[in-house]
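Chemist: Before anything else, here's the structure in question.
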Amino acid sequence: MATLLRSKLSNVATSVSHKSQAKMSGMFARMGFQAATDEEAVGFAHCDDLDMEHRQGLQMDILKSESGEEGAETPLEGDIHYQRDGTGPLPPSASKEACSELSGQGKPKITAWEAGWNVTNAIQGMFVLGLPYAILHGGYLGLFLIIFAAVVCCYTGKILIACLYEENEDGEIVRVRDSYVDIANACCAPRFPTLGGRIVNVAQIIELVMTCILYVVVSGNLMYNSFPNLPVSQKSWSIIATAVLLPCAFLKNLKAVSKFSLLCTLAHFVINILVIAYCLSRARDWAWDKVKFYIDVKKFPISIGIIVFSYTSQIFLPSLEGNMQNPKEFHCMMNWTHIAACILKGLFALVAYLTWADETKEVITDNLPSTIRAVVNIFLVAKALLSYPLPFFAAVEVLERSLFQDGNRAFFPNCYGGDGRLKSWGLTLRCALVVFTLLMAIYVPHFALLMGLTGSLTGAGLCFLLPSLFHLKLLWRKLLWHHVFFDVAIFVIGGICSVSGFIHSLEGLIEAFRTNAED
């Protein structure tokens, strides 16, 4: 009898404990402490993780108490069910798989070399084609900025990861945050617990959409300069490129596209080697006297944005570090990837500028002879078109999750039906986003201006200003004086460069709009 009584009391205590945990977790969920969905992992070269479940978002449904659900079975495994459409809980086994996937336990970890490859893909993309144009307006100072930007971006990447960790009661350093958004929210808490995350999301969306616009601009520019004798304008080539890209609105996942990522990257490296080889063949004619310690006051701030934009990778570094087999190797990985990027970018920009000097164009491949230019540009256009779905899909994910799928905090109704299919008006909005990138590419077909504007606005903010500010806010009590000095200096210098580059880029865009309106 005593044994039976103890057993019943134990069961009652266990049930009360689970109910208490459910209520507490529900309260935390309402306050905004929800499970991470690895939204920043879209920068990975391998995008297989962006499958149907991640595309529709993992929404949390707070369990109701037994009094509110008659006949419902009391859950014993926590307080939330991960759902795809918000209409009902997943089976227990699926819920466990989702929780495991979110916690990172169900995902294969990557090595430091694989992580380095991902970072290299982000900072060694086709936008290095605009770096020689930055040397044209900055001379040796432009080369110095390529080195300086590499050092600063490497440092801010490290301090951003440091903001993910805190010291627990036992003095151990533990990971308490999962993403850039989590860091931003922690800095704005407790008064504005979601303000920081929204600012980061807006910056991320702007950068992703601008990247899509740049792909359309560069596609039209390259095709027009490859076939100048054809009666097709650059705007018409941009329209043709957008027509090819319109099926991106129907994408459900990126598995098919991700298969081409490695091939595209290798092709880009081959193209860079071809350009450098051609420049080396003309080494006798290099114009060393054209490289001087002078700057074009009006156009050099735009060059700053171009250089900064070519190094942007901070937005997905938290997810990348969290998926490494040995996170302690992250600092070493950042060092060698940015050193390699600095050397390759500096050599590429200098050698290309020495070859064409004052005739250097916004996209350096336009300077190649017509026989080589057509082949190289066609490969670059193919790479641009195959790269477009990545930032487009990422921007769509962030927009859908924040505006249409954020539970009770969503601004608009869910764009997915109960069966998980995208509604017709949701598809229309996706098509409208593709058309918007086309309109921007048509009205502002200036690769350097758009790249400089994006780098000055979101690139400097995400790479320079926010990491240093967050580092000071979260860890200022434990920082050494030289870390405080570096953070303040980066924030001030980054702010000046950002404002200056943004103003000059905006002036250039306004002038371009006026010119197009007159035409």
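The values are calculated or read from the model by the stated rules, or taken from the named source; none is laboratory data. Note that the structure is predicted; figures quoted are calculated from it, not measured. Virtual Cβ from ideal backbone geometry, glycine too; neighbours counted across all protein chains shown. Areas reflect the complete protein model, heavy atoms only, side chains present, ligands, DNA and RNA absent. Shrake-Rupley method; radii C 1.70, N 1.55, O 1.52, S 1.80 Å.
Chemist: Rounded to the nearest whole Å², what accessible area per residue is found for segment 123-518 with the 1.4 Å probe?
Modeler: 45
Chemist: Rounded to the nearest 10 Å², what accessible area does Trp336 have for a 1.4 Å probe in the complete protein model?
Modeler: 90
Chemist: At 0.36 nm per residue, and after removing the present C-alpha to C-alpha distance, how many nm does the segment from Asp285 to Phe436 gain when stretched out fully?
Modeler: Values: separation 151, 0.36 × 151 = 54.36 nm, distance 4.35 nm.
So the extension gain works out to 50.0 nm.
Chemist: Could you pull out the pairs from Lys109/Lys328; Lys235/Lys299; Lys298/Lys345 whose alpha carbons sit more than 20 Å apart here?
Modeler: Cα-Cα > 20 Å for Lys235/Lys299; Lys298/Lys345; rest within.
Chemist: Leaving ligands, DNA and RNA out of it, rank Arg430, Arg175 by accessible area with a 1.4 Å probe, largest first.
Modeler: Result, largest first: Arg175, Arg430.
Chemist: Still on this structure, please answer the following. May I ask you to evaluate 6.51 cos²θ - 1.76 cosθ + 1.60, the Karplus curve with θ = phi - 60°, for each residue of segment 288-294 and list the ³J(HN,Hα) values in order in whole Hz, giving x for glycine and proline?
Modeler: In residue order, the calculated couplings are 5, 5, 7, 8, 10, 8, 9 Hz.
Chemist: Let me ask another. For Glu172 and Val151, compute 0.36 nm times the residue count separating them, minus their Cα-Cα distance, and round to one decimal in nm.
Modeler: Computed gain between Glu172 and Val151 is 4.7 nm.
Chemist: At 7 Å along the Cα-to-beta-carbon direction for both Ala512 and His482, put a label point, then send me their distance in nm to one decimal.
Modeler: Each label point is offset 7 Å from its Cα along the Cβ direction, giving 4.2 nm.
Chemist: With +1 on each Lys and Arg Cβ and -1 on each Asp and Glu Cβ, how big is the dipole of segment 123-518 about its Cα centre, in debye rounded to the nearest 20?
Modeler: That gives a dipole near 500 debye.
Chemist: In whole angstrom, note down how far apart the Cα centers of segment 474-494 and segment 182-243 are.
Modeler: Between the Cα centres of segment 474-494 and segment 182-243 lies a distance of 31 Å.
Chemist: Of the heavy-atom accessible surface of segment 123-518 (probe 1.4 angstrom), what whole percent is carbon and sulfur?
Modeler: On the way: 12170 of 17910 Å².
C and S fraction of accessible area: 68 percent.
Chemist: Just check segment 123-518 against the gyration tensor rule for me: Cα atoms, a ≥ b ≥ c as the square roots of the eigenvalues, rounded for a/c under 1.5, and otherwise prolate or oblate depending on whether a/b exceeds b/c.
Modeler: oblate
Chemist: May I ask you to rank Tyr215, Tyr180, Tyr155, Tyr140 by accessible area, largest first, using a 1.4 Å probe over the protein chains only?
Modeler: Heavy-atom accessible area, descending, gives Tyr140, Tyr155, Tyr215, Tyr180.
Chemist: Compute the distance in nm between two label points, each set 7 Å from the Cα along the Cα-to-Cβ direction, one at Thr111 and one at Lys235.
Modeler: For Thr111 paired with Lys235, the spin-label model returns 5.2 nm.
Chemist: GluC sites (Glu not before Pro), restricted to segment 132-219: which are DSSP loop and have at most 10 other Cβ atoms within 10 Å? Can you show the working numbers first?
Modeler: Details: sites: Glu166, Glu167, Glu169, Glu172, Glu207; in loops: Glu169, Glu172.
Loop-located and lightly packed - Glu169, Glu172.
Chemist: Stretched out fully, how many nm does the piece from Phe192 to Tyr443 gain, at 0.36 nm a residue minus the Cα gap? Before the final figure, lay out each step's value.
Modeler: On the way: separation 251, 0.36 × 251 = 90.36 nm, distance 3.80 nm.
Between Phe192 and Tyr443, full extension yields an extra 86.6 nm.
Chemist: Rounded, prolate or oblate for segment 243-385? Axes are the square roots of the Cα gyration tensor eigenvalues, ordered a ≥ b ≥ c, and the cut-off for rounded is a/c under 1.5.
Modeler: oblate
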